[in-house]
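Below is one structure, written out as structure tokens, with a few remarks after it.
The values are calculated or read from the model by the stated rules, or taken from the named source; none is laboratory data. Note that this is a predicted model, so its numbers are computed, not measured. Cβ sites come from the backbone with ideal geometry, for glycine too, and all protein chains shown count toward neighbours.
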2 protein chains.
Amino acid sequence: MICWHPDVEYRFINFLLFSSIPMPKNAISPTRQKDYPEWYQQVVKAADLAENSPVRGCMIIKPWGYGIWENMQRVLDRMFKDTGHENAYFPVFIPKSFLEKEAEHVDGFAKECAVVTHHRLEPGPDGGLVPAGELEEPLIVRPTSETIIGDAFSRWVQSYRDLPLKINQWANVVRWEMRTRLFLRTAEFLWQEGHTAHATKQEALEETRMMLGVYADFAENVMAMPVIKGEKTAGERFPGADVTYSIEAMMQDRKALQAGTSHFLGQNFSKAQEIKFQDAEGGESFAWTTSWGVSTRLIGALIMSHSDDDGLVLPPRMAPRQVVILPIFKNDEEKAKVMEACKALDKELKTLQYHGYRVESFVDDRDLRGGEKKWYHVKRGVPIRVEIGPRDLEKGSVFVGRRDQPKSYGISQAEFVSTLTDTLDEIQNGLYERALAMRAEHTRSIKSWDKFEKFFTPKNKDQPEIHGGFAECYFVDCPETDEKLKPLKVTPRCIPLDQDNEEGYCVFTGQKTKVKGIFGKSY
Amino acid sequence: MICWHPDVEYRFINFLLFSSIPMPKNAISPTRQKDYPEWYQQVVKAADLAENSPVRGCMIIKPWGYGIWENMQRVLDRMFKDTGHENAYFPVFIPKSFLEKEAEHVDGFAKECAVVTHHRLEPGPDGGLVPAGELEEPLIVRPTSETIIGDAFSRWVQSYRDLPLKINQWANVVRWEMRTRLFLRTAEFLWQEGHTAHATKQEALEETRMMLGVYADFAENVMAMPVIKGEKTAGERFPGADVTYSIEAMMQDRKALQAGTSHFLGQNFSKAQEIKFQDAEGGESFAWTTSWGVSTRLIGALIMSHSDDDGLVLPPRMAPRQVVILPIFKNDEEKAKVMEACKALDKELKTLQYHGYRVESFVDDRDLRGGEKKWYHVKRGVPIRVEIGPRDLEKGSVFVGRRDQPKSYGISQAEFVSTLTDTLDEIQNGLYERALAMRAEHTRSIKSWDKFEKFFTPKNKDQPEIHGGFAECYFVDCPETDEKLKPLKVTPRCIPLDQDNEEGYCVFTGQKTKVKGIFGKSY
């Protein structure tokens, strides 16, 4: 049973006595409403997730941000292994000639390559060091690894018995982006890239869709972020792919974020790289390949899905630590008793299992004022704060603050422990439901160009970023459609897999079609 | 109870009937005795651990090799966190000016740097792509991250309250080595690098030694590889360090392999990079920093510590999979029953815990001849093979092959399962004891230069690599000693932390000293 706790009063007096920090209205300034892009930067900063580095476009992922990435890795890695994939590691450098093998592919990446041209430094004429030892062939720091992995596959695959080959790599990649934003678009980022080869087209297509399903499952059930699974239009395909699937999520500014992609590469790369095999009948065939990836961009998606004007909000399954225990005391005598109780609770919580992993709790015993300490954890999005003071000890109770609720409450310690994993699930599910409701509120089925234009035109000039959201429209995937969309800075996000197969008229060309797409502004 | 199983006969007949592959005397050719370096390459190949890539000096780590690295990461990561460290991620690129800040440091790495000079490719005069978009300042692909992390620390550390700062990074690094060998020395390798900053010299020294202890614990108790903890001599220190500690292991060719290092950097980097803090009294001080690392080189050390002329031998705590289950059948009817039993056993084994992690077992149901399949797993070092045939089903028994023993044996399935983790520990401990005995056999206390020279001179001209092993000698760390050692290609491996403090005469200079060192040829 949850009850309002008499310690509230004690805490309030304590707060007045010992804290000179006024309770802020909101911990983050500006608010989402006022300036969304700046709010995002401030949340990243206040939660201590990452910062820009002295290397243009490269970020430093700080421990709290990296802890989220470790959780993502841990869960995804298990999902990949459970679907029959193994991890391996390939060189960070790609010879220029490899990249040139697949024409569309190199076109897609040539403009944003970090090129290694020398292999040492030596003293130059003016005292400083200068590059020396020029390489015969320049090396590209991998922007993605289709070509270097494909080369290995061409050696590894000889017979149909060697297929399917299902490999994943966790790695850093570099794409020399000119305009960068922490997590969302950085010159270097961390990701995983799956690469598989199959004997038949059908099997490769199934793999591509299965991995899209894995990403959607992860996004919805672990990140608490609803997504739309769909196919990309021709203009938005991965360079060199026959089909690109993606999961698309709506952020709180109603923009779309592509959160993961899965590509059916057909025989394009296997032909360019000679990935051939002898089939059961003795004939020779080219393999069918796929690739799929998600990156540290997911952290940006996570931040923008759930956070509020007080900072980061983390779904419990993504939080590096689910529970922080805050000891409350006035003197050394109280401190000794309270600390002992806090440590005992911490130890007990760590014995609990949450979705297959240990509950991560910790005691924050830093010498900080109570208000300052509380806000520190609010801004970092710790799902549950537990305060323990001398009165709690007497009564065997604790005082609980949930990041997803404004008010704190008292509860018996035994009940807190026994219901903890349920409470975590309640927070997790609540965040998902909230994000889903937000998306539903800002998704419209639109049937005319006039309404489409209006939907994407900001209503308020002071907030040029705020527009309608997602438009669901009948459309024909053709250059005419793309041209008409350009001035609005709206793109087809995807053709959802889930189609009702009814007929309508393309909003952009007027043609009859059974295909519906999702349109939006995007990151 | 273990008994010789009547199925042995059945298996032998089965082998004669269905296998055309003769039982090899040894699976690896040449043997260790005949050509150790070539034996090493062949073990790596036969166990499918890694291969050279088309990029000079860079390796591809294949799934079985990467699985070992994942186990190393998992255990070490837990040890780092348990000793108060957090993971973070820093840019792969280091501006040239950063590397130049610490003079000794840049001297140590300038000759082997991969240098990025351009940020795109564009069509060149002869049709191919050429580097374009020259960078104002060249970027170095990190050979190690002291300078880029130190720069972040200078921003993060302001007050004594910000200390200690204890960060670890898992990353790829590049050192342009001219002579490379898989795992042991490669242009790109994977590693972890710890970087910490402290308020006092004492605390930084304690950290340096604590992490040396963590590495030694990991090497001995997880890799089953005995190591000597010691300090490096002045000539062998990390560029920019005041003190370098290392763990040194003896390989089966009696050479030393430096398996991990922990550096006390004094205030060298903090002064070069302005890592300053306000102390409790309001004064300003430079922080004391440390760094420490182990790399995929450990996989080379693991291979050379335990493997034999049949291929890889893995300590169970390092094996990606501890148990392989091999179904034996002659027809479809047998197959159905046997496969069911194999899958049930697999499921049961996976419920067992081994040193905090799930036992990893799997059923190898590939359509291969029995002998071929067995040797496949022998060469890959799977600690335990379990065969199940129709007769085993009738009797509730299994037929077990241990990688550390030549003979297989029958045992009841219930007993196999109930004793499995004990058996794994027995294998683990046995490998450690064997390696320890090997090291003891080839370590001599040597007191004269004559005997020292003789110890390191090959006895057999056909085996120029085989020498005495480790020599334990009184010595004085000075240029004279280093000069005398050069022609022998012997180096001081370390000054063991464990010293008896007795007095003797330096084998190289004749001076009186209380210091003993370990000397050897090295990788």
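Quick notes on this structure:
- Only one entry in A:ASN87, A:ASN52 is more than 9 Å from chain B (Cβ to nearest Cβ) and either polar (S, T, N, Q) or surrounded by 18 or more Cβ atoms within 10 Å (Cβ to Cβ) (or both), namely A:ASN52.
- Any hit, segment A:128-135, residues being under 25 Å from the mean Cα position of the chain (by Cα) and either surrounded by fewer than 21 Cβ atoms within 10 Å (Cβ to Cβ) or in contact (Cβ under 8 Å) with a residue 24 or more places away in the chain (or both): no
- Scanning segment B:123-135 for residues that are of a type in the set (D, E, K, R) and modelled with pLDDT of 95 or more turns up just one, B:GLU134.
- Cross-chain or 6+ apart pairs with Cβ under 8 Å, segment A:92-106 first and facing chain B (nearest Cβ under 8 Å) and in a loop (DSSP other than H, G, I, E, B), then modelled with pLDDT of 95 or more and buried (at least 24 other Cβ atoms within 10 Å of the Cβ): A:VAL92/A:VAL141; A:VAL92/A:ARG142; A:VAL92/B:VAL92; A:VAL92/B:VAL141; A:VAL92/B:VAL174; A:VAL92/B:GLU188
- Test set (1) at pLDDT 95 or above; (2) under 23 Å from A:THR244 (Cα atoms) - A:GLN273 fails condition number: (1)
- Subset of segment B:148-166 [closer than 24 Å to A:VAL174 by Cα and either facing chain A (nearest Cβ under 8 Å) or of a type in the set (Lys, Arg) (or both)]: B:ILE148, B:ASP151, B:ALA152
- Qualifying residue in segment B:100-110 (condition: closer than 30 Å to B:MET225 by Cβ and among the aromatic types (Phe, Trp, Tyr)): yes
- Selection of segment B:478-523 for residues being more than 17 Å from B:SER246 (Cα to Cα) and among the basic types (Lys, Arg) yields B:LYS484, B:LYS486, B:LYS489, B:LYS512, B:LYS514.
- Entry remark, segment A:366-388: residues being in a loop (DSSP other than H, G, I, E, B) and among the small types (Gly, Ala, Ser) number 1 in total.
- Any chance A:GLU483 is among the acidic types (Asp, Glu), exposed (fewer than 12 other Cβ atoms within 10 Å of the Cβ) and outside the structural domain of A:ALA219 (by TED's automatic domain parsing): yes
- Inter-residue pairs, beta-carbon under 7 Å, first within 18 Å of B:SER270 (Cβ to Cβ) and within 14 Å of another protein chain (Cβ to nearest Cβ) and in segment B:190-216, second in a strand (DSSP E or B) and basic (Lys, Arg), 6+ apart: B:THR196/B:LYS166
- The residues on offer are B:LYS62, B:LYS96, and the sole one that is among the basic types (Lys, Arg) and closer than 18 Å to A:ASN87 by Cα is B:LYS62.
- Residue tally, condition more than 9 Å from chain A (Cβ to nearest Cβ) and either part of a strand (DSSP E or B) or surrounded by fewer than 15 Cβ atoms within 10 Å (Cβ to Cβ) (or both), over segment B:136-147: 2
- Top-ranked residue in segment B:407-422 [being small (Gly, Ala, Ser) and surrounded by 15 or more Cβ atoms within 10 Å (Cβ to Cβ); ranked as nearest to the chain's Cα centre (by Cα)]: B:SER408
- For segment B:350-371, a residue qualifies if it is in contact (Cβ under 8 Å) with a residue 12 or more places away in the chain and closer than 19 Å to B:MET339 by Cβ, and the qualifying residues are B:SER361, B:PHE362, B:VAL363, B:ASP364, B:ASP365, B:ARG369, B:GLY370.
- Checked against the criterion of being facing another protein chain (nearest Cβ under 8 Å), within 28 Å of B:ASP242 (Cα to Cα) and in a strand (DSSP E or B), segment B:116-127 has no qualifying residue.
- Hits in segment B:258-268 - residues which are crowded, with 24+ Cβ neighbours inside 10 Å and of a type outside the set (S, T, N, Q): B:ALA259, B:GLY260, B:HIS263, B:PHE264, B:LEU265
- Per the listing B:ASP462, B:ASP404, B:ASP425, B:ASP450, the residue uniquely surrounded by fewer than 14 Cβ atoms within 10 Å (Cβ to Cβ) and modelled with pLDDT of 95 or more is B:ASP450.
- Across segment B:41-91, the number of residues qualifying as among the hydroxyl-bearing types (Ser, Thr, Tyr) and assigned to a helix (DSSP H, G or I) comes to 1.
- Within segment B:279-301, restricting attention to residues that are among the aliphatic types (A, V, I, L, M) and in contact with a helix residue (DSSP H, G or I) (Cβ under 7 Å, 6 or more places away or on another chain), the residue that is nearest to B:PHE153 (Cα to Cα) is B:ALA287.
- Residue match in segment B:338-346 (condition: basic (Lys, Arg), in contact (Cβ under 8 Å) with a residue 24 or more places away in the chain and over 15 Å from B:ILE384 (Cβ atoms)): no
- Checking the stated criteria, B:ARG209 turns out to be assigned to a helix (DSSP H, G or I) and at pLDDT 95 or above.
- Segment A:191-228: number of residues that are crowded, with 21+ Cβ neighbours inside 10 Å and among the charged types (D, E, K, R): 2
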